Amino acid sequence: MTLGVLAVLGMAFTMFAGFWTDWLWYRSVNYSSVFTTTLWTKIGLFFVFGLLMALAVGFNIWLAHRLRPPLSAMSMEQQNLDRYRMGIAPYKKWLLLGITALVGLIAGASASGQWRTWLMWVNGVPFGQKDPQFKLDVAFYAFDLPWYRFLLGFGFAAAILSVIAAALTHYLYGGLRVTSPGARATAAATGHLSVLIGVFVALKAVAYWLDRYGLAVKSSDFRATDNWTGLRYVDANAYLPAKTILFCIAVICALLFFATLWRRTWQLPVIGFGLMVLSAILIGGLYPAIVQKFQVQPNEQAKEAPYVEKNLEATRKAYGIDGTKVTDYSGTSKTEDKTKLRDDVDSTASVRIMDPNIVSPTFQQLQQIRNYYAFPTNLDVDRYAKDGKDQDTVIGLRELNLAGIPKKNWINNHFRYTHGFGAVSAEGTSADAQGRPVFTESDLPSKGDLGTYEQRVYYGEKTTTYSIVGGPQKEIDYSDDNGEKTTSYKGDSGVNLSNPVNRAAYAVAFGEPQILYSGAIGDGSRILYNRTPKERVESVAPWLTIDGDAYPAVVDGRIQWIVDAYTTTNGYPYSSRTTLGDTTADSLTATNDNRAVVAQQNQVNYIRNSVKATVDAYTGKVKLYQWDTKDPVLKTWMKAFPDTVEPKSDISKGLMDHLRYPQDLFKVQRELLTRYHVKDATTFLSGSEVWQVPDDPTNRSGSAVPPYYLSMKMPDQQAQAFSLTTTFTPNGRDNLSAFMAVDAEAGTSDYGKIRILKLPTNTTVNGPKQVQSQFNSQEDIAESIRLLRGGDSEVEYGNLLTVPLDGGLLYVEPVYVRGGGLKYPLLRKVLVTYGGQTAFENTLDEALNKVFGAEGTSPEPPADGDTTPPPTSDNPTVQQALEDAQKAFDAGQDALKKNDWEAYGRAQKDLEDALQRAEDAQASASRPGGAGGGESKPSGSPSGSPSPKPSS
C-alpha cells in the first residue's frame, strides 16, 4: 500500500512538474494569457464533450436496462445468460460509471485537441469575399465548416456507441434474441434501437447537406494539378444535385425509423434504409460517372473552362500572387557593341560573390576565436549602410558551441559556458586579395561598422540546451590577450530558481536531480530554456506557422532574431492546395541542418506572412508585430488571444530596415506560379505553359535551386532594390522559360510585388543547368578547374546568380577552393556568361571585362594645367617595386604548383606590398575600382599575370 501511494504521488508530481514549468515559462516571457486561454479552452472542451458522450452512452445503457422484459418472459437463450447477469449485478452501478467514464475520457481527450477549431469558429472574422457557387463568405469554409464537421463526427460517434451499448444491454437482459424462436426483439427494444438508428440516419442527412458545401473545398486530381480544389462540371451538375436528393431520402428514412415508436415493426425503416443505400450507389456514384464519361470527356475544355477560371482566380488570391506582373522578355540583347553594357552591370545589380551557404567555414576558421564558439551552417544576407549607402552583407552570430568546451561536465555545460559573443559580417560583393571575406564586423569583442550593441548571445539557433545563470557561479564571457573574462547574467529572462518548489519541478521535468540540491544554484539563479528563436515564437503563438530560417540583425543597439510567421488555412474555396513541406524543400534544406523545412507536411490553400516576430538574443524577449493588417485569419487569432500581437505602427525604423520578404512564402508562391502564371482556362487546361523550378546545378542533391537575395533592378525599375530571385524552366526541359523576382525590401511601396520576365517559347535561352554544363565543358575552364583541384584541394561552386540585362541574362557564379592544408573555402575564380560569351577569371571585374570586351579602367590624361607627371617606369622606386612584384608573383606560382599554400600566402603578401609601394610612388596615377566597387587591392588569384594595376 505504501509503495502504491508513493507511486501515485510520484506520477502526480511528475504531471504537476510539467504543468508548473510550462506556466512558469509562459509567465517569464509575458505570454501567460496564451497558456491560460489554451488551457481553459482544452479543459472546457474536454469536460463538455466528455460529459456529453458519457451521458449519451450512460443514458442509453440505463434506458435499455429499464426497458428489460420480466424474467418470466425470457427465453431459454436468455436464461443461459443469467449467470452473467448475476455476476455483474452487485457491480452494476460501478460498471455503468466505469463504462461512461472511459468513453467520456476518450471523447474529451479527442475534443480537447480541437481547441484551434473552436477558437476559430467562435472568433471568426469575415473575409469580405464570397465563393462563386454558394455565395457564402469564405469565413464559412475557413472557420465554420470545420467546426460543424467536428460536431457531426462527434454526433456519429455518440450515436454508434449508444447503439452498441444499448444493443448489448438489451441482449444481456432479454430484449434481443439471436437463436431463440419467435420475435427477435421486444417492442421496447425495437422502439429504443430504432430511435437511435434514426438519429444516426438523421445525422447522415446533415452530412449530405454539409457535403454540398464541402464540394467547394474538395481536392481531386485534375489535369494540370494533383491538388485541384473546388467544383468541376461533374460536381456542379451531378454530385451537387445528388447530395440534395440523398439529403431528402435520408430525412424520410430517419422519420420512418422514428415511426417505429408507434408501429413497432422494422419493415418500413429497413425498406427506407435499403432505398437510401441503393440511392447512394446509383445517384451518388453511378450517375456522376455517367455524366463525366458521356458529357464531360467528349468536350472537356468547354465544359470545365468556367470552373477552371474560378479556380485560377481563387488560387491566385489565396496565395497572394494575383498581383504578379508578367512581362515578355526577349532573352537576348539587342545591343551590338557589348562594351557599352559593361558600365550597366554595376548599376543593374550589386553582384554578390560571397555565397552565405559556402563561406560559413571561412567565418569559422577566421573568426571563431575559441572552440566553444561556432557559426551556423548557412549564414544570412542582410542590408547594412556603409558610407550612406545600403549594401548586401553576409552576417552570422558567434554562437555557443558546447561540443568545443575544453572539459565537459554539468557545471561547465550549464553554468560556465552559457552564451555566444558578437556578430561577424562581411561585404557580400567583394573579397580580399587572398579570396577571403572583407569583414565589416570582426574580432572578439566584435568591432566594425555595426556600431555599439549588446554582443552576448544567450538565445540562438545553436542554443538547444538549458543554462542556469545569474547565481553564485560566474560565467565565461570571452577571452582576449589578458585571459578569460567572466560575467553574470543581468537580464530578467528565464525562471527564478530560488523557490525550492521550482527547483524540484525542473529537476523532475529535465530529469536532472542536481538542480534540486546543487550549491551552484542560489539567490538570483535563473534557468534559461526554449532558447532557439523558432521554438520561442512557436510556443508563444502556437497558431502560427513559422518560417524555416530565422536571421539575426543588429537593431537599435541589440541583436534581434527576426522570424517570419504565417497564418494559413486549408478551407479557402476553389483554391488549390499545396503541401508546405514539399514546396519549401530545396537543396539547402536537403543538405544543411539549420534550414528547417516549414510545417513538415501540412496542406494549405491560403497563406499570408501576417506576423513579423523578433527574439532578443540577450533577453529572449519575444515580440509579435502585425504585418498583414488585412488578413482575416490573423484578426481571428488576435480576437482569440488579445494583446499578444502588437500593431504594425510599433515597428521601429531600425527594425524596418532589416525586415525582408520571407523565403518560404516565396518558395510556395513560385511553386504555384509554375502553373498559375496563366490567366485563361484554355492555356491552363492544355498544360502547354507549365513550368518547373530547376534543380540546383551547383550540387548533386537533386533538389530545387534555392531562391537568392540580391540587390538588383528589373527592367521596369529605376534603381536597385533588395530582391529575392529565382528561375523557371519548361516542364521536362532545361532551357530557361522565365525569371522571377520579388521586391524584398520592407517599408517600400513595391514591397511584395512579384515580377516575372517570360521568355519566348519559339527560341531557347540557356537555363541554369545548361549554363553550368557550359562552364564545365569549355576546355580552358575545365583545365583551370582541374588545376585548382590539384592535390587534395576541393572546388566548391557558389550561388549561380541570374541578372536581367539589356534584354539578355547575365549569369555569375563564384568558385571557391578548399584544400592544401586549409580547412575553409577561399574565393579563387568567378564564372561569368552573357550572350554566349563566357569568362573564368580571378575577379569579377576581370570576368566582366572579358565577357563584354571592355578593357580595364585606364588612367585619365591630366587636365590642362595639371603638372602631375603620369605613371612612368623611369622612377627607380617604381621600377624596383615592379621587379619585387614580379619576383613575388613568380614565387607564388611556384608555391601554387607545389600546393604549398603557406608559401603562396607569403608570396601574395609580398606582391601586395610591392604593388602598394609602386602605387605610393606614383600617387598621381589613377586608382581603378575593385570587384565590389570598394577600395582597390592587389590580386590574390592563383593565376594570371602581374600588373601594376591592382584589382580586388
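Read the figures in this text as sums done on the coordinates, not as results from a lab. Note that this is a predicted model, so its numbers are computed, not measured. Note that we place each Cβ from the backbone using ideal geometry, even for glycine, and neighbour counts take in every protein chain shown.
Brief remarks on what is shown
- Annotation: amide H-H contacts under 5 Å for Tyr606 (H modelled 1.01 Å from N, sequence separation of 5 or more, or interchain): Thr569.
- Spin-label proximity, Asn699 to the range 547-563 - amide N less than 16 Å from point 7 Å beyond Cα toward beta carbon: 549
- Label-point separation in nm, Ala302 to Arg789, each point 7 Å along Cα→Cβ: 6.0
- Relative to the Cα centre, the charge distribution of the range 187-318, modelled as +1 at Lys and Arg Cβ and -1 at Asp and Glu Cβ, gives a dipole magnitude of about 280 debye.
- Above-threshold pairs, the threshold being 29 Å between Cα atoms, out of Lys386/Lys667; Lys713/Lys829; Lys293/Lys325: Lys386/Lys667; Lys293/Lys325
- Only the Cβ atoms of Lys and Arg (+1) and of Asp and Glu (-1) were treated as charged; on that basis the dipole of the chain about its Cα centre amounts to roughly 6360 debye.
- Cα-derived Rg over Rh, computed across the chain with Rh taken as Kirkwood radius: 1.08
- In the chain, a dipole from Cβ-located charges (positive for Lys and Arg, negative for Asp and Glu) runs towards its positive end, and of Tyr233, His414, Thr169 it is Thr169 whose Cα lies farthest in that direction.
- Taking amide H atoms as placed 1.01 Å from N in the peptide plane, the amide H of Gln692 lies under 5 Å from those of Thr729, Asn731, each 5 or more residues away in sequence or on another chain.
- For the range 29-46, the Karplus equation 6.51 cos²θ - 1.76 cosθ + 1.60, evaluated at θ = phi - 60°, returns couplings of 9, 6, 10, 5, 5, 5, 5, 5, 4, 5, 4, 5, 5, 5, 5, x, 5, 4 Hz by residue, with Gly and Pro reported as x.
- Per-residue HN-Hα couplings for the range 511-528 [Karplus 6.51, -1.76, 1.60; θ = phi - 60°; Hz; x = Gly/Pro]: x, 10, x, 4, 4, 6, 10, 5, x, 6, 9, x, 4, x, 5, 9, 9, 10
- Antiparallel %, DSSP beta bridges [both residues in the chain], to 5: 95
- Distance between the range 136-177 and the range 34-56 - C-alpha centres, whole angstrom: 18
- Proximal charge balance of Asp716 [Cβ under 13 Å; K/R count +1, D/E count -1]: +1
- Across the range 386-401, coupling constants 3J(HN,Hα) worked out from phi with the 6.51/-1.76/1.60 Karplus curve, θ = phi - 60°, read 9, 6, x, 10, 6, 9, 5, 10, 8, 9, x, 9, 7, 8, 5, 10 Hz, and Gly and Pro carry x.
- Cα gyration tensor shape of the range 260-344, rounded if a/c is under 1.5, else prolate or oblate by comparing a/b with b/c: prolate
- For the cross-link pairs Lys408/Lys474; Lys130/Lys653; Lys340/Lys769, the ones whose C-alpha atoms lie over 26 Å apart are Lys130/Lys653; Lys340/Lys769.
- Placing unit charges on each Cβ (+1 for Lys and Arg, -1 for Asp and Glu) gives the chain a dipole about its Cα centre, and among Gln295, Ala903, Tyr478 the Cα reaching farthest toward its positive end belongs to Gln295.
- Remark on Gly808: its backbone amide H falls under 5 Å from those of Ser333, a criterion applied only to residues 5 or more positions apart or on other chains, H modelled at 1.01 Å from N.
- In summary, the lysines within cross-link reach of Lys243, defined as a Cα separation below 16 angstrom excluding same-chain residues under 8 places away, comprise Lys204, Lys218.
- Spacing of the two label points (7 Å from each Cα toward its C-beta) at Glu779 and Ala520, in nm: 6.6
- Proximal aspartates and glutamates to Lys612, defined as alpha-carbon separation beneath 12 angstrom and excluding residues fewer than eight positions away on the same chain: Asp547, Asp564, Asp628, Glu646, Asp650
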